[in-house]
Structure formats: structure tokens, C-alpha cells
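Trainee: Sharing a structure below in C-alpha cells format, with a few things to ask.
Derivation of every value follows stated rules applied to the coordinates shown; laboratory data play no part. Only a predicted model underlies this, so the values are computations on that prediction, with no experimental measurement involved. Every residue, glycine as well, gets a Cβ built from its backbone with ideal geometry; the counts of neighbours run over all protein chains shown.
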Amino acid sequence: MLPRREVFPHVIEMNYQARQRLGCSVYLVHDAGEWLLIDIGFEDTAEEIIEMIRQMDFALANCKYLVATHADVDHIQGFKRAKELLPNAMMVGHPECKRLLAEGDRVFTYAEIAAQNISIDLPIIHIEQTITEGDSLKLGGLSLDVWNTPGHTGSQLAFRLGDLLFSGDNIFRDGCVGNIDAHHGSDLPAFIQSLERIRDCDVKWLLPSHGPIFRKDRVQLQKTIDRLTEYQHMADFGTCAVDWPLLDQWEEELARGFDPDKA
Ligand SMILES: [Zn+2]
């Protein structure tokens, strides 16, 4: 039997449990014999993760939910295998996640990035129950509140459990955020709203989908919000920017004509 290395009461994170990096964060939440998994990562680590869970003496038959934070392949590819090993578990995710996975959308899920020769297997994964803002996942005596936090992508969810927020790809410990990419459904104004909601809420800890767990810090969140607010008006993220003020300035200058002495 493996000792359970809880990061917080009722919460185990499988990379911390293994004391090595397996892939994305995989959170196991448990109470009164029931448990759920938030994300699973790639298929090649799914069996190892579930074997560790078995060795920690969790009954595989008592896995109640398999939860997709969003549809990205590095978070969900292993769910097909996980569902075979955990047939009693209900596969849940956002309606947009359900659609992308049912259609096997290879672009929105990052299974296919042609320009970088990335082409990886995306199994068809059936989201059996959709969850969205206002829903909650009940587990023993616990209740996880479902938050819609679009921005990185339209299907991004976060989950609140008391002082903890399973915060998905919204923000990481270094202040970085999940990829901003129009081909992935990213939306800067929505992203800023999601980050403002996290900034203003009273959770103490953020449990992200990549990298270390960290304390929620208003100042850091504001710095990230300010950066994304700038991006909205910069050509750097042109496909996601809402405007580019330099073009308005140029138009005024075109009307006046170019004068090297005034440039
Ligand atoms: Zn991610």
C-alpha cells in the first residue's frame, strides 16, 4: 500500500504523490470513500496513475466523476483508457468541451499544430454529463462549485472547494496564463473577466492545471490582468486583440502628410 500524500485535506495531486512530473496536474478529491479525478493527462501515464490510486487503497469502483477542466489533449487524452478502467465514473465537462471531444476537433484541442509538425492521437471521448456555472459536484459530504472561466479557451472550467480553487489554465505560479491563441478559442476580454473573478474571490489557494500549487495573490493577479489588458491593444496578439491604437494614429498622420522634421 502506498501512503497518501495529501496536499490539503481530501486532496491528492498525482505529480506530488509520485514526487515526479507526470504531465499536467491530476487532482484526486475524496470523501467518505468516494473520489473523483480532475483531468488525467496523456494516455501513456493514465494506467500508472490509476495503479497508484489503487495502491493508495481507493476502491476503483467508487470513482464517481472523471472531470475535464477543458478539451485540450494534454489534459484529456488519457480519459478513454481511464473510463475503461473506471467504468462506474461519470465523465463530465463543459458543453463546449463535450462538443469538441465528440467531434474530435484536432485544432481546438491542440492535437494538431501543423506549423510545428505536432500531430497526436485524440481519442473520441464521450462527456456523459455536461456541467456549467452554478452546478456543483457532490462527493461524500463535499461539494465542488463549478465556475465557467473562459479565456484560455471557451470550455475552461474551475472548481471551488472551500478555500481551494482548482484553477485550470487561468494562471500559474509565475503569473503566466494558459496559451492565448485565436485558433484555440482564446478570448482576451473574457480571460480578463475570469482573472478578475479569481482576484476578487476569497479563496486562499490556487491549484492550477500545470506546475506548483500556490497562494492566491491579488497583486500578482492584477499584474497579469494589466498585462492582458495591454495585449488587447497590441499587435503582438493581433488575432485576439480588440483594437490597435497605432492604426488610428497613423490615419491622423496620413491626413497631415509625413514631415521628417516632426517625426
Ligand atoms: Zn493546459
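Trainee: Could you compute how fast region 1-122 diffuses translationally, taking Rh as the Kirkwood radius over C-alpha pairs and applying Stokes-Einstein at 20 °C with viscosity 1.002 mPa s? Give it in µm² per second.
Mentor: Using the Kirkwood radius from Cα pairs, D works out to 145 µm²/s.
Trainee: Now for a separate question. For residue 59, project a label point 7 Å along Cα to C-beta. Then give me every residue of region 18-39 with its amide nitrogen under 18 Å of that point.
Mentor: 29-37
Trainee: In the P(r) worked out for region 6-256, what percent of Cα pairs fall beyond 35 Å?
Mentor: Value for region 6-256 (Cα pairs over 35 Å): 16 percent.
Trainee: Sticking with this structure for a sec: Just how large is the dipole of the chain about the Cα centre, in debye to the nearest 20, putting +1 at every Lys and Arg Cβ and -1 at every Asp and Glu Cβ?
Mentor: Charge dipole of the chain: 1060 debye, to the nearest 20.
Trainee: As a test of the formula, what do you get for the chain when each DSSP H run with n ≥ 4 contributes -39,500 (n - 2.57) and the sum is divided by the residue count, at 222 nm and rounded to the nearest 500 deg cm²/dmol?
Mentor: Calculated from helices alone, the mean residue ellipticity at 222 nm is -8500 deg cm²/dmol.
Trainee: Just to be sure I understand: of the beta bridges DSSP finds with both ends in the chain, what percent are antiparallel, rounded to 5?
Mentor: Expressed as a percentage, antiparallel bridges in the chain total about 65.
Trainee: Projected onto the charge dipole of the chain (+1 at Lys/Arg Cβ, -1 at Asp/Glu Cβ, origin at the Cα centre), which of 156, 92, 255 gives the Cα projection farthest towards the positive end?
Mentor: Toward the positive end, the furthest listed residue is 92.
Trainee: What percent does the relative contact order of the chain come to when contacts are Cα pairs within less than 8 Å and at least six residues apart?
Mentor: 13 percent
Trainee: Evaluate the Kirkwood expression for the hydrodynamic radius of region 162-263, namely the inverse of the mean inverse distance over all pairs of different C-alpha atoms, and round to one decimal in Å.
Mentor: Roughly 15.5 Å, rounded to one decimal.
Trainee: Something else: Could you list the square roots of 5 times each eigenvalue of the Cα gyration tensor of region 1-72, that is, the equivalent ellipsoid semi-axes, sorted largest first and rounded to whole Å?
Mentor: Ellipsoid half-lengths, sorted descending, are 17, 14, 12 Å.
Trainee: Mind jotting down a quarter of the surface of the convex hull over the alpha carbons of region 36-83, in square nanometres, one decimal?
Mentor: Taking the Cα atoms of region 36-83, their convex hull projects to 2.9 nm² on average.
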